Amino acid sequence: MTETTYDKPLPRMDGLSKEFYDWCAKGELRFQRCKCCGAWRHVPRDICAECSSFDWEWALSSGRGTVFTWTVVARALHPAFGTSTPYAPVVVELEGGVRLLTQLTDVAPDALKIGMPVQVDFKSVTPEITLPYFRRA
Amino acid sequence: MLKDKACIVGIGETPYCRKPGSGLSEMAIQLKAAVAAIEDAGLKASQIDGILPFPNLGKAEALAASLGCANLRFAATIHMGGAAPVASLRAAALAVASGAADYVLVPAGWNGFSGARVRETTTQDLDSIPGGAIARDFYMPFGLTAPPQWYALMARRHMHEYGTTHEQLGAVALAMRKHANLNPAAVMHSKPLTMADYLASMMIADPYKLLDCCLETDGAAAFVVTSAERARDLKQKPIYVMGAAASQPYPADEITNRKDLHQVGLSIAAPEAFRMAGIQHSDVDFAEIYDCFTFEVIQQIEEAGFCKRGEGGAFVENGGIELGGRLPVNTHGGLLSHAHSLGLGHLVEAVRQLRGECGPRQVKDAEIGVVTGWGDFGDGSIAILRR
């Protein structure tokens with residue numbers, strides 16, 4: 001066995017994106033929640049779009065949600081995914097309301113269904129970066 | 001009120017091609033189209049005092065220097081991707097109506113086939129679009145890397161909610177090809193397409209097959225806008241801007257967290273443009289709809305108000321958007337079968353239809369046409385034009 005390096009695109013680890021992925025590396029899926037009005041938000045932003053408050057916290061998500069929509073990539077449009085096809089980028093709607101773009105670890109693309117219950121399934125891809133994949137709940 | 005204050009007075013286009021490519025720089029092909037548009041208007045290049053270049057495809061300074069525009073008074077770029085040309089028409093109309101400029105040039109062109117390929121989107125490319133950093137940090141790590149994949153998320157959801165079918169997407173592809181076969185300038189002219197061909201084409205990003213995706217071509221187009229008063233003295237019969245608007249989905253820089261995934265820029269822009277024009281949808285003789293992918297035609301027909309949301313699939317079936325149908329769409333063949341003119345070709349075609357220059361693909365007695373643009377994560381623009 002030869003060791004292969006992870007060659008797919010990674011988030012740029014700075015600012016609020018880094019904070020989000022640092023929580024993932026600790027095995028916790030957290031989203032920003034406004035401390036003023038309680039609204040959850042994703043992707044990370046400096047201010048609450050509901051009430052304009054700058055006061056927020058990284059609130060722990062249950063990690064449970066349902067499949068909202070998806071696509072199956074059959075022809076990779078980025079060289080790093082050339083050998084991964086077919087694969088399915090999936091939008092998961094979490095309890096609490098935010099959605100995120102992910103992939104499912106244990107569901108074949110042709111078995112995907114909108115509304116399917118799923119659960120976060122972290123995948124460490126580099127020593128620094130853990131990505132929030134999901135699996136069937 | 002902008003209604004009828006501005007006119008398109010000149011149009012220009014280069015040939016479009018795939019292999020072997022234009023053989024020219026992206027600046028040079030845009031200059032060719034620009035010079036053609038300026039000559040079509042009966043103007044001298046030095047009279048152009050406003051330029052609105054397409055995002056990332058040339059600077060107004062360089063275009064002005066090449067064209068000899070020594071009196072450039074108005075320059076801006078509308079960062080809306082494929083929605084930029086129609087949004088730039090709106091901006092140009094505002095400029096000439098207010099006196100900020102007299103003659104505004106809007107060019108767009110690229111070596112979309114022989115140059116850097118859209119299909120190989122990289123992290124660096126994303127830096128240039130408004131939602132690029134979000135895509136880089138939250139989409140690309142999971143393999144959502146390119147436009148057909150972004151929009152497939154919307155198409156899939158629409159199919160789930162409204163029962164839109166692959167065959168309905170195919171009806172869009174077939175209509176565009178049928179029109180291209182009436183247009184000798186179309187890259188896919190003389191290449192007939194059947195539903196069986198469509199359904200057999202390779203999957204790219206489900207539900208999008210190869211034949212749901214626009215062409216990648218080299219070529220450029222341009223138009224010139226001036227005020228209604230100035231337009232009366234020029235060479236061509238003026239084409240009036242009755243209504244124009246541009247808007248964005250919310251949030252515009254992130255696709256997945258939209259409360260209403262189907263609400264796009266056009267959902268806001270279209271009612272504004274129709275109010276401005278003071279017309280009904282039934283007054284529209286044809287529409288040139290930005291067709292980056294087949295579903296976006298269905299979606300924009302709905303969001304522009306030509307039918308209710310969820311009814312777009314049925315609208316495009318049975319020849320509904322073909323010449324002779326209830327709303328002929330993309331009479332030149334569109335991005336799907338004419339060429340990827342970055343949406344500027346849709347405006348050029350609308351002007352030709354309203355001038356009555358379209359020969360076998362002419363919409364009979366065309367008086368009013370709608371043109372839309374679509375770009376980035378669902379930005380939208382619309383113009384309602386009349387002869």
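The values are calculated or read from the model by the stated rules, or taken from the named source; none is laboratory data. Here the structure is a predicted model, which is why all the values come from computation and not from measurement. We place every Cβ from the backbone using ideal geometry, glycine too, and count neighbours over all the protein chains shown.
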Single condition A:His42 does not satisfy, out of (1) over 13 Å from the mean Cα position of the chain (by Cα); (2) under 25 Å from B:Ala252 (Cβ atoms); (3) within 14 Å of chain B (Cβ to nearest Cβ): (1)
Count of segment A:6-46 residues which are polar (S, T, N, Q) and touching a Cys at 6+ places or on another chain (Cβ under 9 Å): 1
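Per-residue answers, yes or no, for (1) hydrophobic (A, V, I, L, M, F, W, C); (2) touching a Gly at 6+ places or on another chain (Cβ under 7 Å):
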position: A:Leu29; (1), (2): yes, yes
position: A:Ser52; (1), (2): no, no
position: A:Trp56; (1), (2): yes, no
position: A:Leu77; (1), (2): yes, no
position: A:Ala80; (1), (2): yes, no
position: A:Ala88; (1), (2): yes, no
position: A:Val91; (1), (2): yes, no
Residue ranges of helices (runs of 4 or more DSSP H) in segment B:56-163 with at least 2 members modelled with pLDDT of 95 or more: B:60-67, B:84-98, B:147-162
B:Cys292 hydrophobic (A, V, I, L, M, F, W, C), over 14 Å from B:Arg177 (Cβ atoms) and within 13 Å of the chain's Cα centre (by Cα): yes
Scope segment B:245-268; condition part of a loop (DSSP other than H, G, I, E, B) and away from chain A (no Cβ under 13 Å); matching residues: B:Gln248, B:Pro249, B:Gln263, B:Val264
Near pairs, Cβ below 6 angstrom, 6+ apart or cross-chain, from segment B:134-151 (more than 7 Å from every other protein chain (Cβ to nearest Cβ)) to any residue that is assigned to a helix (DSSP H, G or I): B:Ala135/B:Leu126
Single condition A:Ser84 does not satisfy, out of (1) within 9 Å of chain B (Cβ to nearest Cβ); (2) not in a loop (DSSP other than H, G, I, E, B): (2)
Positions within segment B:197-210 being surrounded by 19 or more Cβ atoms within 10 Å (Cβ to Cβ) and more than 13 Å from chain A (Cβ to nearest Cβ), in sequence order: B:Tyr198
Matching residues, segment B:352-386, being surrounded by fewer than 24 Cβ atoms within 10 Å (Cβ to Cβ) and part of a helix (DSSP H, G or I): B:Arg352, B:Arg355, B:Gly359, B:Pro360, B:Arg361
Test: residue in segment B:260-274 that is free of Cβ contacts under 8 Å to residues at least 12 places away in the same chain and surrounded by fewer than 18 Cβ atoms within 10 Å (Cβ to Cβ): yes
